[in-house]
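In what follows, a single structure is set out as structure tokens and then discussed.
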Amino acid sequence: MSDTATPAIEGWFTTGPAPALIGTSCQSCGTISFPRETTFCKNPSCTGDEFTDVELSRTGTVWSYTDAQYQPPAPYIPNTDPYVPFALAAVELPEGIVVLGQVADGYGVADLKVGSEVELVVEPLYTDETGVKTIWRWKPTTTESNGAGA
Ligand SMILES: [Zn+2]
């Protein structure tokens, strides 16, 4: 990744050697939201409207996953034309929220199973005239569980 790499979408995650998603914590009740919440607390019994940015856990467990056979909506930006299906994982974080993301380059649904651990990584998504644009992805932390060569 070059020095010109910047997030494809601003304010959703940090970069660097230990990237993390950026969510918000409600100042009234502590409810964690991702993407960042700026208007209403997700807690229906809370009237809080002040939020603090928090970095979410970098690891979570696979809650569900799929091969995306159609092009997802923004902020997923296709980096291939025509569209090529890729694996998507819904990952439950210790904060109790589920975050959807693509699976890291080189991994597919065969590397995933419900309950297995994944780690947040930031990888290049596409390149434009301003440089490399990056996005978060979920990388399996164990790969021996699919029975391939183990
Ligand atoms: Zn709240």
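Table for the structure above
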read-out	value
Considering residues of the stretch 24-51 that are within 18 Å of residue 94 (Cβ to Cβ) and in a strand (DSSP E or B) only, the residue nearest to the chain's Cα centre (by Cα)	33
Residue satisfying condition, being farther than 17 Å from residue 34 by Cβ, at pLDDT 95 or above and either of a type in the set (Ser, Thr, Tyr) or surrounded by fewer than 16 Cβ atoms within 10 Å (Cβ to Cβ) (or both), within set 117, 129	117
From 64, 57, residue being part of a loop (DSSP other than H, G, I, E, B), away from the ligand (no atom under 15 Å from the Cβ) and at pLDDT 95 or above	57
In the stretch 99-111, the residues that are in contact with a helix residue (DSSP H, G or I) (Cβ under 9 Å, 6 or more places away or on another chain), farther than 21 Å from residue 20 by Cβ and among the aliphatic types (A, V, I, L, M)	110
All strands (runs of 3 or more DSSP E) inside the stretch 81-129 with 1 or more residues being in contact (Cβ under 8 Å) with a residue 60 or more places away in the chain	98-103, 117-128
Positions within the stretch 28-72 being free of Cβ contacts under 8 Å to residues at least 40 places away in the same chain, touching a Gly at 6+ places or on another chain (Cβ under 7 Å) and of a type in the set (Ser, Thr, Tyr), in sequence order	28
So residue 6, is it in contact with a strand residue (DSSP E or B) (Cβ under 6 Å, 6 or more places away or on another chain), of a type in the set (Val, Ile, Thr) and in contact (Cβ under 8 Å) with a residue 40 or more places away in the chain	no
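The values are calculated or read from the model by the stated rules, or taken from the named source; none is laboratory data. These numbers were taken from a predicted model, which means no experiment stands behind them. Cβ atoms come from the backbone with ideal geometry, glycine included; neighbour counts cover every protein chain shown.
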